[in-house]
């Protein structure tokens, strides 16, 4: 037993100088959700998305207002409306409630789908920037901390290893937004 222990102790002592000379690799954290939305492209895409869905929001608000008017009519006419009129108004209210609920769920699904597409498109470009940044700066690992624990295994991380802001700056530099739209390569002009 003493030979095994001695050999192990000697092996550890011999590797200590090698470990001290080994390059140190860094660990970084990145809130990629925050980074995507903080980029100029992310801000513009979010504004475009909100503009695109604004008419639907207004339509839903109009339906909600109409439904509230019918509910108020039923409440106000409680003693003056006939039984048949109350029943008809109640059916109309129930029908409009179902239509409004379905339309709101559909709008929410459509918005979330469009938002996911936007986040994925920007995120795919951002992953390349993160990869390049990590390689150039000696990072062994970069962890996404977009979600709190328990969805995220990181319980604590120092702000000193947070690379979210530098990644946003690098992304904006690599993907400039010109005139309110992401810059695109100029199309080749036809020769006269």
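The values are calculated or read from the model by the stated rules, or taken from the named source; none is laboratory data. Bear in mind the structure is a predicted one, so any value in this text is a computation, not a measurement. Quick reminder, even Gly has a Cβ in these numbers, built from the backbone with ideal geometry, and neighbours come from all protein chains shown.
From the list 99, 25, exactly one residue is under 31 Å from the mean Cα position of the chain (by Cα) and modelled with pLDDT under 90. Which is it? Quick ask: steps written out before the conclusion?
Numbers: 99 fails: modelled with pLDDT under 90.
25 is the lone residue from the list that is under 31 Å from the mean Cα position of the chain (by Cα) and modelled with pLDDT under 90.
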If you take the residues in segment 44-66 that are surrounded by 14 or more Cβ atoms within 10 Å (Cβ to Cβ) and in contact (Cβ under 8 Å) with a residue 40 or more places away in the chain, which one is farthest from the chain's Cα centre (by Cα)?
63
